[in-house]
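**Student:** First the structure, then my questions, so here it is.
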Amino acid sequence: MANRAVCRRIALGMIIGVISALAIAPAGAGPIALELLEPRYRESVFEGWRSFQTSFASDGVACIHCHPRHAEMEDWAPSYPKAAVFDGTPYRVKGLAEVVGEALAIHTDLPPNRRDLLVGDLVSFIAWWGSGTAIKATPPRSTPAGDMALLHAAEQRGRELFETALECTHCHAIRKESRKGSPLASAAARFPRHVTEAGMVLPLTGFLRWHLKTHGISLRDEVALTDLAAFLTRLSEGEIYWPGTRERKGAGK
Amino acid sequence: MKVCRIALLVAFLTLCACEDKREDAGKRKIPIRISGRVLSVNGDPIRGVVALEKGRLYSKDYRWGGWVKDGAFSVRLPEEGDYGLHVYATGYIYHPTAIRVEERGENFFKFTVPPNPAPEDAPSLSHIEFRKDEDEGAVLIRLQAKDPNGNLSHQVLAVNPEAGISRMLSPDSFIFPWVKNYPDGEYTATYAPEGRPFNREEWIFLAADNRCYTSPLLQYPFSPDSIMASHAETKDAGGNGFGDLSLPEQGRRIFQDNCAVCHHPDRTETKIGPGLKGLFGRERTPVEGIPVTDENIRRRIENGGDKMPPYSHIEGERQDALLAYLKTL
């Protein structure tokens, strides 16, 4: 009788462990279950999902028409910032939000202010599809040498901004084991997320702009913000991408 | 002393010359072949062409090209480096990718291209002519290009897959480098065969606009009847296409791609949306509480609902297939 009770407890513990492990979603197991997302980020994901499948163009075409397999988006968010170019746009390192904005400019008939309203939620949706995979700050081998060089230069400029121009090291450590301030080793893997103090869901570059402003620094240059984001993403290389969360969850590197 | 200085200078200059030669030897260009697969979203092999730019994507320096036949392409390039690779097929949007080609690399690239969702908005070409300059040996290629929305891109191209080349045609008027929308009208390019006999039947002509819509690919005799089809006419490519599957099996795949993230097909419990097991055996839908009819389910799929995004892109036969699958649950 006692043995049966023990067996039942062990079995129950194993079942709970398996369910928890599935809920935490180890790397590569697909996006985080929607019910596990922070509620306001989840709302942003739903809005982005709706926009992704709605046409804002006179030809009736929506994002889903040319990107019909959601699973293809798994690699997108965790690989930004990176060098990206559309025909007629600048060839440089860009964050996902900037690329989505350029895509909307090309493929919709919306004016700039309306496009801007869609970008945040679309980024939330795309980022959610990349959740559970590892941050890929190093592009694949088939990436052009020119793109690699641009990314490397952006990361270097970002580091200089972090350490020298903006003096972030006063409050933030780079390495996890440092005792100073809050370590940023996995910060980039948590965005976009709802920022309580800002009252909205922000991508990494948007958060940096807001965060610097709270410290009296007005940095509107998109290139500089992207450089900073590139440096922070390099620090998070290999971390499991878990947007919409503040704390690190699941297996790390 | 003076002789020694002169000798030293000569030796130094000789050394510099030798170093240049060694560098040149190190930079000797070794031809490389790249290859790849191009499939439709349903996994069917595509027929079309590829065109490659030298350097970064959208450098507008189109030089090389090749066939995409039975979903496969293979193009010879002069050296390793960065290239912009474009895939074109009639009825499909064009697919641009920045690639790095390595001398000892695998150099294999795989693409999936979706169909053009707005064929009536694609650009078109007409009046394709060739004029030989007997003295120079060059051939002037001329055509008319137009786009119904005025957003023609720089990609008005002539591709000769047999010769492995591609060329960009230019408009008559001057175009600033930053201009995105190219004008409708006449486009020309001069092609120097360089010893290879000129054969108009080898050429494929196409245009793409700034929304990625591709014109029909035109091959000789360049009439509306000579549009290059994007799929093989026979099924010698092998394998079962999506269209060969039963309707419910097609629907199952559509369900997996679009619906399964929120709906269980094999139970009634809620995932994000309600489980759909036995849906068509119920009187009313689980959330709205409206009668379960084909019309109501189709409307739900097209328009979405409170938390459900619209799926108006699942239409026509694909919607029929999805409904056929839902009825098996």
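**Student:** For the range A:121-213, with equal point scatterers placed on the C-alpha atoms only and solvent neglected, what are the log10 I(q)/I(0) values from the Debye formula at q = 0.14, 0.16, 0.18 1/Å, to two decimals?
**Tutor:** Here log10 of I(q) over I(0) equals -0.68, -0.89, -1.10.
**Student:** May I ask for the percentage of alpha-carbon pairs in chain B that lie more than 37 Å from each other?
**Tutor:** Working: 21063 of 53956 pairs.
Result: 39 percent of Cα pairs exceed 37 Å.
**Student:** Setting aside same-chain residues fewer than 8 positions from B:K327, which aspartates and glutamates have a Cα under 14 Å from its Cα?
**Tutor:** Partners within reach: B:E249, B:D266, B:E283, B:D294, B:E295.
**Student:** Determine the per residue accessible area of the range A:130-175 with all protein chains present and a 1.4 angstrom probe, expressed in square angstrom.
**Tutor:** Numbers: 2340 Å² over 46 residues.
In whole numbers, the range A:130-175 has 51 Å² accessible per residue.
**Student:** Bin by bin, in steps of 5 Å, what percent of the Cα pairs in the range B:159-311 do you find, going until the bin that has the longest distance?
**Tutor:** Distribution as computed: 2, 6, 10, 13, 10, 8, 7, 8, 9, 9, 7, 6, 3, 1, 0, 0 percent.
**Student:** Could you tell me which of rounded, prolate or oblate describes the range A:88-247, using a ≥ b ≥ c as the square roots of the eigenvalues of the alpha-carbon gyration tensor, with rounded for a/c under 1.5 and, failing that, prolate when a/b is larger than b/c and oblate otherwise?
**Tutor:** Working: a/c = 1.42, a/b = 1.24, b/c = 1.14.
Since a/c stays below 1.5, the shape of the range A:88-247 is classed as rounded.
**Student:** Probe of 1.4 angstrom, ligands and nucleic acids ignored: what's the accessible area per residue over chain B, in square angstrom? Let's see the in-between values first.
**Tutor:** On the way: 17270 Å² over 329 residues.
For chain B, the per-residue accessible area is 53 Å².
**Student:** For B:M228, B:M168, B:M1, A:M148, what's the largest-to-smallest order of accessible area, 1.4 Å probe? Provide the component values of the computation, followed by the final result.
**Tutor:** Details: B:M228 0, B:M168 45, B:M1 165, A:M148 70 Å².
The ranking, largest first, comes out as B:M1, A:M148, B:M168, B:M228.
**Student:** Next up: Where does helix B:294-303 land angle-wise versus the long Cα axis of chain B, in degrees 0 to 90, nearest 10?
**Tutor:** 40
**Student:** With the cut-off at 23 Å, tell me which of the pairs A:K136/B:K110; A:K94/B:K146; A:K82/B:K60; A:K94/B:K307; A:K82/B:K54 have Cα atoms farther apart than that. Let's see the in-between values first.
**Tutor:** On the way: A:K136/B:K110 20 Å; A:K94/B:K146 32 Å; A:K82/B:K60 21 Å; A:K94/B:K307 31 Å; A:K82/B:K54 21 Å.
Too far apart for the 23 Å limit: A:K94/B:K146; A:K94/B:K307.
**Student:** For chain B, set up a GNM with springs between Cα atoms under 10 Å and report which of B:A51, B:A118, B:A89 has the largest fluctuation.
**Tutor:** B:A118
**Student:** Under 8 Å for C-alpha pairs, at least 6 residues apart: give me the relative contact order for chain B, rounded to a whole percent. Each step should come with its number before you reach the end.
**Tutor:** Details: 670 pairs, mean separation 46.2, N = 329.
Reported relative contact order: 14 percent.
**Student:** Further question: Roughly speaking, what is the stretch gain from B:E102 to B:I6, that is 0.36 nm per residue apart minus the C-alpha to C-alpha distance, in nm to one decimal?
**Tutor:** Details: separation 96, 0.36 × 96 = 34.56 nm, distance 4.49 nm.
Extending this stretch completely gives an extra 30.1 nm.
**Student:** In the protein assembly as shown, what percent of the accessible surface is made up of carbon and sulfur (1.4 Å probe, ligands and nucleic acids excluded)?
**Tutor:** Working: 15980 of 29700 Å².
Answer for the protein assembly as shown is 54 percent, counting heavy atoms of protein chains only.
**Student:** Would you report the distance distribution of C-alpha pairs in the range A:38-117 as whole percents per 5 angstrom bin, up to the bin with the largest distance?
**Tutor:** Computed distribution, short to long bins: 3, 13, 20, 26, 24, 12, 2, 0.
**Student:** While we're here: What is the list of residues in the range B:30-69 whose amide nitrogen lies under 17 Å from a point 7 angstrom out from the Cα of B:A229, following Cα to Cβ?
**Tutor:** Within reach of a label on B:A229, which here means backbone N under 17 Å from a point 7 Å along Cα→Cβ, the range B:30-69 contributes B:40, B:44-49, B:68-69.
**Student:** For the range B:109-194, run through the GluC sites (Glu not before Pro) and keep only the ones in DSSP coil with at most 16 other Cβ atoms within 10 Å of their Cβ. Each step should come with its number before you reach the end.
**Tutor:** Details: sites: B:E120, B:E129, B:E134, B:E136, B:E162, B:E186, B:E194; in loops: B:E134, B:E136, B:E162, B:E194.
Within the range B:109-194, the qualifying GluC sites (Glu not before Pro) (loop, at most 16 other Cβ atoms within 10 Å) are B:E134, B:E136, B:E162, B:E194.
**Student:** Right, here's the next one. Cross-link partners among aspartates and glutamates for B:K69, C-alpha distance below 12 Å, same-chain residues fewer than 8 apart left out?
**Tutor:** B:D44, B:E233, B:D236
**Student:** Any chance you could check the range A:138-166 for residues losing 40 Å² or more of accessible area when the partner protein chains are in, compared with the chain on its own (1.4 Å probe)?
**Tutor:** A:R141, A:S142, A:P144
**Student:** First select every other residue whose beta carbon is under 15 angstrom from the beta carbon of A:D221; then total the charges, Lys and Arg +1, Asp and Glu -1.
**Tutor:** Numbers: positive: A:R92, A:K94, A:R157, A:R209, A:K213, A:R220; negative: A:E98, A:E160, A:E222, A:D227.
Net charge in that neighbourhood comes out at +2.
**Student:** Add -39500 (n - 2.57) for each DSSP H run of 4 or more in the protein assembly as shown, then divide by its residues: what number comes out at 222 nm, to the nearest 500 deg cm²/dmol?
**Tutor:** Values: 12 runs with 171 residues, N = 582.
It lands at -9500 deg cm²/dmol.
**Student:** Now for a separate question. How many Å² of accessible surface get buried when A and B come together, counting both sides, probe radius 1.4 Å, rounded to the nearest 100? Don't skip to the end; give the middle numbers.
**Tutor:** Details: alone 14020 and 18890 Å², together 29700 Å².
Roughly 3200 Å² of accessible surface disappears when A and B pair.
**Student:** For the range B:260-275, list whatever residues lose no less than 40 Å² of accessible surface once every protein chain is in place, relative to that chain by itself, with the probe at 1.4 Å.
**Tutor:** Listed by number, the residues meeting the 40 Å² cut-off are B:V261, B:I272.
**Student:** What residues in the range B:59-82 lose 30 Å² or more of accessible surface when the other protein chains are added to their chain alone (1.4 Å probe)?
**Tutor:** The answer is B:D82.
**Student:** log₁₀ I(q)/I(0) of the range B:243-329 at q = 0.14, 0.16, 0.26 Å⁻¹, via Debye over equal Cα point scatterers, no solvent, to two decimals?
**Tutor:** -0.42, -0.56, -1.69
**Student:** Same structure, new question: Skipping prolines and chain starts, which residues have an amide H placed within reach, meaning under 5 Å, of the one on B:N116, given they are 5 or more residues away or on another chain?
**Tutor:** B:Y92, B:I93
**Student:** With the Cα gyration tensor of the protein assembly as shown in hand, give its eigenvalues times 5 under a square root as the equivalent ellipsoid semi-axes, listed largest first in whole angstrom. Could you put the intermediate results ahead of the total?
**Tutor:** On the way: eigenvalues 413, 270, 107 Å².
Gyration-tensor ellipsoid for the protein assembly as shown: 45, 37, 23 Å.
The values are calculated or read from the model by the stated rules, or taken from the named source; none is laboratory data. The structure displayed is predicted, hence computed values, not measured ones. Cβ: placed from backbone, ideal geometry, glycine included. Neighbour counts: every protein chain shown. Remember, those area values only see protein heavy atoms, side chains included, never the ligands or the DNA or RNA. Shrake-Rupley method; radii C 1.70, N 1.55, O 1.52, S 1.80 Å.
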